[in-house]
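Data first, discussion second: the structure below is written as structure tokens.
The values are calculated or read from the model by the stated rules, or taken from the named source; none is laboratory data. If you're wondering where the values come from, they're calculated on a predicted model, not measured in any experiment. Backbone-built Cβ (ideal geometry, glycine too); neighbour counts: all protein chains shown. We work out accessible area using only protein heavy atoms, side chains counted, and drop any ligands, DNA or RNA first. Shrake-Rupley method; radii C 1.70, N 1.55, O 1.52, S 1.80 Å.
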Amino acid sequence: MKIAHILTRGDVLGGAQSHVRELSLELRRLGHEVTVITGAPGIFTDQLRQAEIPWLQVRSLVRPLRPHRDLAAFIQLWSVLRQLKPDLVCAHTAKAGSLGRAVARLHDIPSVFTPHGWSMFDRNSLQWNPLFCWAERVAGRLGTRVINVCEFEREFARQCRVSPANTIEVVHNGIAEIPMTRVQPIDTQPPLIVMVARFASQKDHATLLQALSGLLCLEWSLLLVGTGELEARIVGQVNALGLGNRVRILPPETNVGHLLMEAQIYVLSTHFEALPISILEAMRAGLPVVATDVGGISESVREGETGLLTRHADVDGLRHALARVIADPALRLALGSAGHDLWSAQFTASRMAARTLEVYQRALSR
């Protein structure tokens with residue numbers, strides 16, 4: 001197949017970008033031709049270049065609603081697809097999803113949309129947005145099939161009736177099976193805790209820092225990997241809570257795979273997620289995971305089996321869960337081992353690609 005992936009941003013490295021990179025690599029390995037189309041270049045397109053995955057820039061493709069730029073992006077996408085002549089268009093995230101499906105329909109090319117978190121769910125208020133729900137229903141009539149990265153997302157899509165029920169499918173995220181050597185044992189004391197997440201309103205660094213501020217009687221250190229508009233606020237909270245000698249911030253260019261092999265605990269405190277890639281990376285590294293039970297997280301983090309789950313914005317609950325894994329190396333080993341086994345069975349890139357290709361074939365036989 002000749003496949004065109006479209007997503008809005010190439011200047012950040014979030015779940016959608018990681019998904020497209022891993023999927024593109026697997027599809028190429030299986031003999032398919034893949035081109036990625038994106039907006040502003042940056043860390044993601046640098047990774048595509050290093051992996052020798054062809055990519056094209058549509059300069060007017062931006063995340064915010066900008067009618068004039070959106071019209072320009074529509075025209076540019078129309079021109080790019082006219083030249084590429086792909087067999088299938090795969091659109092990712094809301095803006096690229098709407099424009100990509102519309103342009104594909106004009107060219108009579110089947111399209112598959114992966115939302116990576118539905119736009120009609122406001123990640124700040126945690127409420128449905130009726131306007132975005134209507135917009136997704138309109139766009140849903142333009143595409144051929146929809147892939148959700150978790151069951152939680154599929155059920156949400158069905159409730160909102162964004163597309164005919166028989167076109168809404170699930171393919172869990174997956175990451176590459178690569179040889180990895182642990183640098184520090186999981187049961188090392190004191191443990192190193194890692195969280196990889198953008199400093200943005202969707203993530204809940206504040207609850208994590210408040211929880212850890214009550215555990216100064218235990219020995220631990222925390223590394224936060226990321227960047228974003230809220231970084232200054234988070235640094236201020238670290239200092240205000242007296243955590244400056246326990247917490248460090250590393251840039252998103254950090255070799256996360258290597259870092260996770262040094263760490264003993266992975267934590268994700270967040271307001272909303274679909275199926276986070278960072279948790280799968282932690283499971284691959286054999287780390288116990290402590291995470292907020294939102295979205296599709298419980299589909300990978302199984303309470304008491306591969307990790308510990310806490311309620312949304314629950315400082316005391318997160319503090320208790322972290323205290324357990326900080327103080328109990330044997331528990332960390334058990335949770336981490338079970339998490340690695342579950343990742344190997346269900347969340348590899350090869351499994352994701354195989355199941356995605358099944359959906360692609362159904363889209364082509366519309």
Review point. Cβ under 12 Å from A139's Cβ, A139 left aside: what net charge do those residues give with Lys, Arg +1 and Asp, Glu -1?
Key: +4
Practice item. Run the 1.4 Å probe and let me know the accessible area of H312, rounded to the nearest 10 Å². Key: 70
Check your understanding: What accessible surface, in Å², does a 1.4 Å probe find on R198, ignoring ligands, DNA and RNA and rounding to the nearest 10?
Key -> 90
Exercise for review: Measure nothing fancy, just the Cα-based angle from helix 231-240's long axis to the longest principal axis of the chain, in degrees from 0 to 90, nearest 10.
Suggested key: 10
Check your understanding: Which of the listed residues, L318, S298, Q346, is farthest toward the dipole's positive end in region 288-354, when Lys, Arg count +1 and Asp, Glu count -1 at the beta-carbon?
Key -> Q346
Point to revise | Summed residue charge, Cβ within 11 Å of L23's Cβ, Lys/Arg positive, Asp/Glu negative | key: +2
Practice item. Could you please state, rounded to a whole Å, how far the C-alpha centre of region 54-124 is from the C-alpha centre of region 283-345? Key: 36
**Study point:** Centroid-to-centroid separation of region 180-215 and region 240-280 [C-alpha atoms, Å]
**Key:** 5
Exercise for review: Whole number in Å², please: accessible area per residue of the chain, 1.4 Å probe, ligands, DNA and RNA not counted.
Suggested key: 42
Check your understanding: What angle do you read, to the nearest 10 degrees and between 0 and 90, between the alpha-carbon axis of helix 349-364 and the longest principal axis of the chain?
Key -> 20
Check your understanding: Taking K and R as +1 and D and E as -1, what net charge do the other residues with C-beta under 10 Å from the C-beta of R351 add up to?
Key -> -1
Revision key, fill the gap. If unit charges are put on Cβ atoms (+1 for Lys and Arg, -1 for Asp and Glu) and the dipole of the chain is taken about its Cα centre, the option from I53, P185, L230 lying farthest towards the positive end turns out to be I53
Check your understanding: Could you give the dipole magnitude of the chain about its Cα centre, charging the beta-carbon of Lys and Arg +1 and that of Asp and Glu -1, in debye to the nearest 20?
Key -> 1300
Study note, to complete from the structure: With all protein chains present and a 1.4 Å probe, the order of R362, R319, R29 from largest accessible area down is R29, R362, R319
Study note, to complete from the structure: Ranking L84, A96, L333 by how far each Cα lies towards the positive end of the charge dipole of the chain (+1 on Lys and Arg Cβ, -1 on Asp and Glu Cβ), the top one is L84
Check your understanding: Taking a temperature of 20 °C and a viscosity of 1.002 mPa s, what whole-number D in µm²/s does Stokes-Einstein yield for region 189-231 with Rh from Kirkwood over alpha carbon pairs?
Key -> 190
Review point. With every protein chain left in place, what is the accessible area of D341 in Å² (1.4 Å probe, nearest 10)?
Key: 100
Point to revise | Carbon/sulfur fraction of accessible area - region 7-98, other protein chains in place, 1.4 Å, % | key: 53
Review point. Against the longest principal axis of the chain, how steep is helix 315-327, in degrees 0 to 90 to the nearest 10, with axes from Cα atoms?
Key: 70
